[in-house]
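Participant: This structure is in structure tokens; I'll ask about it shortly.
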Amino acid sequence: MAVAEKTLAGLQRIVGAENVLTAPEDLIPYSFDGTAGLQQMPGSIVFAKTTEQVAGVLRQANESKTAIVTRGSGTGLSGGSLPSPDCIVLCTVRMDRILELDRANLTLLVEPGVTTLHVADAAAAAGLFYPPDPGSMKISTIGGNVAENSGGLRGLKYGVTRNYVMGMEVVLPSGELLWTGNKCVKDVAGYSLKDLFIGSEGTLGVITKVLLRLIPKPAAKKTMVATFAQMDQAAEAVSAIIAAQIIPCTLEFLDRLTIHCVEDYAQIGLPLDCEALLLMETDGHPVVVGEEAAQMEKICRDHGCLEVRVAKDDTEAGKLASARRSAFSALARVAPTTILEDATVPRSELAKMIRFVEAVAKKYSLKIGTFGHMGDGNLHPTFLTDERNKEEMHRVEEAFKEIFAEAIRFGGTITGEHGVGLAKKSFLPAFAGDAQMRVMRQLRRALDPNGILNPGKMFD
Ligand SMILES: Cc1cc2nc3c(=O)[nH]c(=O)nc-3n(C[C@H](O)[C@H](O)[C@H](O)COP(=O)(O)OP(=O)(O)OC[C@H]3O[C@@H](n4cnc5c(N)ncnc54)[C@H](O)[C@@H]3O)c2cc1C
């Protein structure tokens, strides 16, 4: 059953007929996101341009009790923007204006469809810095980043999206507008509702404006790469760097399989005779940057690294950093289906977790390339598989279960940045426990009594 005729006519009145798609060939590109193995045709696609249009669409959907799945660029890796059957996909990519740069308060007000890169560029053009840099930043939207509380390569020093959201405008399922947060550095009036909407994965409201915090641009940066014969040495070097009270802006790693795939793909000139590669970046005052880089180099050598390569200039730094940025794309070329996970553990448990992932790969005879944010304890074990091979997919599922259970056992989490969505909802109760699940359900029911927003995501 498609979206009811009456509802469609109402949607066309609100956004204009040209902004409502229903032809199957138009719906197909919106029937999946970045998550492997998930596809579902929606009933229609609606492009909104203004907050008023979003409010109108939500009112219409609420009255007819039609499911709404809000969508940014669809790069999500947990099936968050996967349509539910016959739903309305509300696409925000055309709400793409930068509304205000406030130099006095160091804030940027944007619409949700602005890409993360556009936000970073707008900040840089004003001599400022917007640190969150998900690997997808060229195409992901800021609305999607806020809804997933996305992280990035600079999370260790600068934090994640949440740390840069000062306020937002949200449309509730009833069509009512809500502003939460403001330009004040301090504000403790009432519950922090903005924190509730951050990471809510499109289940509580539609974000229509975001007020972002910008910071001064670091004066200098140094980028280097160290290679190790054993993954344990790399993990121990990371622990030693943190223990030396150095907080680099980037501390990322690639395992052997990922290094080889990246080199095949991008021909960066990476050393191939190693088990692990660390990408390290420090930024800030030039003197501090120089000292920290020298200390990190020494720590890596003390932990038996094979080689440390320090970028001579910005071009080489960009090239080295691209080794990590292209990891997912490089792995994705190797097998028909790539499933990227983001189990996360306290940093102290990282080496054990990496060894566990290796053991699971062996146990289930699976190909897993692992890379990730080593400084954050955020791993991306990436399964290189083929969704048409049912028997292998069964082994993949069993491997997932073991990896998530172990992450929880280590005091970690089932997702460090990609969200729960559809892909991980079966693992949430074991992680969150009964009381948290109950409170989350009550909150959702209070905000969306008809259950129209992203039904079936995160939990039923
Ligand atoms: C190659 C690649 C690299 C990636 N690297 C990273 C990374 O380093 N770090 C990281 O955290 N993630 C990463 N991701 C995952 C993904 O890019 C992020 O989750 C991103 O924030 C999603 O943005 P999007 O615009 O594509 O949102 P979508 O995928 O369209 O939506 C994601 C979720 O947000 C909701 N949503 C979207 N817009 C709104 C809105 N305006 N209001 C309310 N809800 C909304 C949707 O309903 C859905 O639940 C990567 C993905 C890919 C494909």
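Participant: What distance in nm separates the two pseudo spin-label positions at Lys6 and Arg438, each 7 Å out from Cα along the beta-carbon direction?
Facilitator: 3.9 nm
Participant: Mind checking the full-extension length gain between Leu177 and Lys401? Use 0.36 nm per residue of separation minus the Cα-Cα distance, one decimal, nm.
Facilitator: Length difference between fully extended and current span is 76.6 nm.
Participant: Could you tell me how far the Cα centroid of the range 115-142 sits from the Cα centroid of the range 397-460, in Å?
Facilitator: 28 Å
Participant: Now for a separate question. From a point 7 Å beyond the Cα of Asp386 in the direction of its Cβ, which residues of the range 30-67 have a backbone N at a distance under 16 Å?
Facilitator: 37
Participant: Within the range 287-320, find all residues whose amide N lies under 18 Å from a label point positioned 7 Å from the Cα of Ala243 along Cα-to-beta-carbon.
Facilitator: Residues passing the 18 Å test: 295-305.
Participant: Quick check: pseudo-label points 7 Å beyond the Cα along Cα→Cβ at Lys298 and Arg445, how many nm apart are they?
Facilitator: Output for this residue pair reads 6.0 nm.
Participant: Please give the per residue accessible area of the chain, computed with a probe of 1.4 Å over protein heavy atoms only, in Å².
Facilitator: Heavy-atom SASA per residue in the chain reads 42 Å².
Participant: Listed highest first by mean packing, meaning other Cβ atoms within 10 Å per residue, what order do 212-219, 448-455 come in?
Facilitator: Top to bottom by mean Cβ count within 10 Å: 448-455, 212-219.
Participant: Pull out the extension gain between Gln267 and Asp121, defined as 0.36 nm times the separation in residues minus the alpha carbon to alpha carbon distance; nm, one decimal.
Facilitator: Residue separation times 0.36 nm, minus the Cα-Cα distance, leaves 49.9 nm.
Participant: Cα centroid distance between the range 286-356 and the range 88-112, in Å?
Facilitator: Taking the Cα centre of the range 88-112 as reference, the centre of the range 286-356 is 32 Å away.
Participant: Then there is this: Just to compare against my own numbers: the Cα pair-distance distribution for the chain, 20 Å bins, whole % per bin, please.
Facilitator: For the chain, the binned pair fractions read 24, 56, 20, 0 percent.
Participant: On to the next question. Does anyone have the angle between helix 231-243 and the longest principal axis of the chain? Alpha-carbon axes, 0 to 90°, nearest 10?
Facilitator: 80 degrees
Participant: Further question on the same structure: With both partners inside the range 34-168, how many of the DSSP beta bridges are antiparallel, as a percent to the nearest 5?
Facilitator: Bridges in the range 34-168 are about 40 percent antiparallel.
Participant: Full-extension gain between Asp26 and Asp96, please, as 0.36 nm times their residue separation minus the C-alpha to C-alpha distance.
Facilitator: Gain on extension, Asp26 to Asp96, equals 23.1 nm.
The values are calculated or read from the model by the stated rules, or taken from the named source; none is laboratory data. None of these values were measured; they are calculated from a predicted model. Glycine gets a Cβ as well: all are built from the backbone with ideal geometry, and neighbour counts include every protein chain shown. Side chains are part of the model used for accessible areas, which takes the heavy atoms of the whole protein and leaves out ligands, DNA and RNA. Shrake-Rupley method; radii C 1.70, N 1.55, O 1.52, S 1.80 Å.
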